[in-house]
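The structure appears below as C-alpha cells.
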Amino acid sequence: MESLNPIEITRRWIVSMVIGLDLCPFAKGVFDADLIRYTVSEASDASALLVDLTFEMQTLVASRRESVETSFLIHPIVFGNFLDFNDFLGVAENLVLDLGLSGIIQILGFHPNYQFHGTDPEAPENYTNRSPYPMIHLLREDSISEIAGNPKDLAEIPRRNIEKLKKMGAKQILERLAAVYSKPTGD
C-alpha cells in the first residue's frame with residue numbers, strides 16, 4: 001500500500017485533531033477555504049531549515065490573504081528531538097525580529113514529542129501541540145487580532161484545550177491519531 005505524504009497526513013491531523021476537537025476555533029474556516037499553505041522542507045540541519053523558514057515567512061507576507069492566510073513548514077528530517085526543536089523556536093523568533101516581521105508574523109511550534117515544561121511525557125495536555133511531524137506554523141498577527149475579537153477569549157483557548165484533552169484521556173487521543181495515519185479503504 002502506498003504511504004501518505006507529509007502534507008496529506010498534516011491535513012488529516014488538522015481535520016481530526018485541530019478542527020475535530022476544536023483546538024483552534026479559527027482553523028475550520030481557513031481549512032475549508034483552502035487558505036493554508038503547506039511546505040515540506042528537505043532540510044537536514046538547522047541552517048538549511050532557517051533558509052526555508054525565511055522563504056516561508058517572506059512568501060506568507062507577500063501573499064494576499066485571499067490566497068494564503070497561514071502556512072505550515074513541515075520538516076520531517078531535522079529536529080526529531082523535541083528539545084533541539086524547542087531551542088530552534090527561539091532562533092525562529094529571532095528571525096522574525098531580524099526580518100522586521102515582529103507584529104506581522106507569529107510562530108507556533110508543533111512536534112510529535114511536544115512536552116510542556118513540568119508535565120509527564122505522556123500527559124494528555126501535551127497533545128495540544130503534538131503533530132505528526134516537526135512543523136512550524138506561521139500566522140498573520142493581524143488575522144489573529146481580527147478573528148479573536150476579545151483578547152481574553154484568545155488567552156483562554158490553551159487552558160480550555162488542556163482541560164478538554166485531559167478529560168478525553170490519552171487512550172482516546174491516541175485512537176484519533178492512529179486514524180490520521182491509516183489510509184481509508186477505497187483510496
Globularity ratio of the chain, using Cα Rg and 2.2 N^0.38 Å: 1.01
Net lengthening on full extension, Val91/Leu174 (0.36 nm per residue, minus Cα-Cα): 26.8 nm
Estimated vicinal HN-Hα couplings, Hz - the stretch 126-139 in sequence order (Karplus 6.51, -1.76, 1.60; Gly, Pro = x): 5, 6, 5, 10, 8, 9, x, 9, x, 7, 10, 9, 9, 10
Residues whose placed amide H lies under 5 Å from that of Cys24, excluding near-sequence neighbours: none
Per-residue Cβ neighbour rank within 10 angstrom, fewest leading, Met168, Met17: Met168, Met17
Amide H contacts of Arg37 (H built 1.01 Å from N, under 5 Å, at least 5 apart or other chain): Glu69, Thr70, Ser71, Phe72
Residue order, fewest to most surrounding Cβ atoms within 10 angstrom, among Phe116, Phe79, Phe26: Phe116, Phe26, Phe79
Two-site FRET efficiency, Lys167 against Lys28, from Cβ-Cβ distance with R₀ of 22 Å, rounded to 0.05: 0.55
Karplus 3J(HN,Hα) series, Hz, for the stretch 32-43 with 6.51 cos²θ - 1.76 cosθ + 1.60 (x for Gly, Pro): 4, 7, 6, 9, 9, 9, 10, 10, 9, 8, 8, 4
Anchor Lys166: aspartates and glutamates whose Cα lies under 13 Å away (excluding residues fewer than 8 positions away in-chain): Asp120, Glu122, Glu125
Total charge dipole magnitude, the stretch 6-181, about the Cα centre, Cβ charges on Lys, Arg, Asp, Glu only, Debye to nearest 20: 620
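A short reminder: the numbers here are calculations on the coordinates, not readings from a lab. It should be emphasised that the depicted structure is a prediction, and the values quoted were computed from it without experimental measurement. Here the Cβ is made from the backbone with ideal geometry for all residues, glycine too, and neighbour counts use every protein chain on show.
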